[in-house]
1. Looking at T74, T36, T68 in this structure, which one is within 23 Å of S149 (Cβ to Cβ), surrounded by fewer than 15 Cβ atoms within 10 Å (Cβ to Cβ), modelled with pLDDT of 95 or more and more than 14 Å from the chain's Cα centre (by Cα)?
2. Find all pairs meeting these conditions: Cβ atoms under 8 angstrom apart; at least six residues apart or on different chains; first residue within the range 49-65 and among the basic types (K, R); second residue open to solvent by less than 40 Å² (accessible area, probe 1.4 Å).
3. Mind checking which residues of the range 41-95 are within 25 Å of H17 (Cα to Cα) and in contact with a helix residue (DSSP H, G or I) (Cβ under 9 Å, 6 or more places away or on another chain)?
4. Report whether or not G90 is touching a residue at least 60 places away in the same chain (Cβ under 8 Å) and among the small types (G, A, S).
Amino acid sequence: MSETAGPAPGYTARPEHFVEFEPSPKRIRLMFGGETIVDTTDALVLYERGHVPVYYLPRKDVAMARLTATDHSTHCPFKGDASYFTISVGSKTAENAVWRYELPFDECAGLKDYLAFYWSKMDQWFEEDEEVFVHARSPKVRVDILDSSRPVQGELGG
């Protein structure tokens, strides 16, 4: 969508809706079939009205050899058209478990080279060195102190 075309159709119909994302300061890892599928310190966390936070993970840090594109697609009136991938490791498979917005709307252009994974279809998720269950933890709701093998620095007032 070009800037001269106005806001995305979904925002026109529902101006109270929001989609925003920001870099996550955490190291994010996910496991499937006994393999590390993603290990990154460059994740984005996406917040969308009516949804739990979702990690979007940079393609460069995803084991793309384990993903196969499918014909499945969905449309989000706020982000654009999503295409899907099936993930396979050995005899374990999760169909349409991964999605991306290859040509997201301008408002979400920063998602272009990122993929998202259905939380429940993966075997394990880690934030730093701690396993996380259910969904990404939002730093906007609470502050978590996590075990980490990376150096940690605390700041007050900036």
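1. T36
2. R49/H17; R49/V19; R59/L115
3. Selection gives A43, L44, L46, V52, V54, Y55, Y56, C76, P77, F78, K79, G80.
4. Details: touching a residue at least 60 places away in the same chain (Cβ under 8 Å): no; among the small types (G, A, S): yes.
Against the criterion (touching a residue at least 60 places away in the same chain (Cβ under 8 Å) and among the small types (G, A, S)), G90 does not qualify.
The values are calculated or read from the model by the stated rules, or taken from the named source; none is laboratory data. Bear in mind that the values here come from a model prediction, so they are computed numbers and not experimental data. Note that each Cβ is placed from the backbone with ideal geometry, even for glycine, and that neighbours are counted across all protein chains shown. Surface areas here come from the heavy atoms of the whole protein model, side chains and all, with no ligands, DNA or RNA. Shrake-Rupley method; radii C 1.70, N 1.55, O 1.52, S 1.80 Å.
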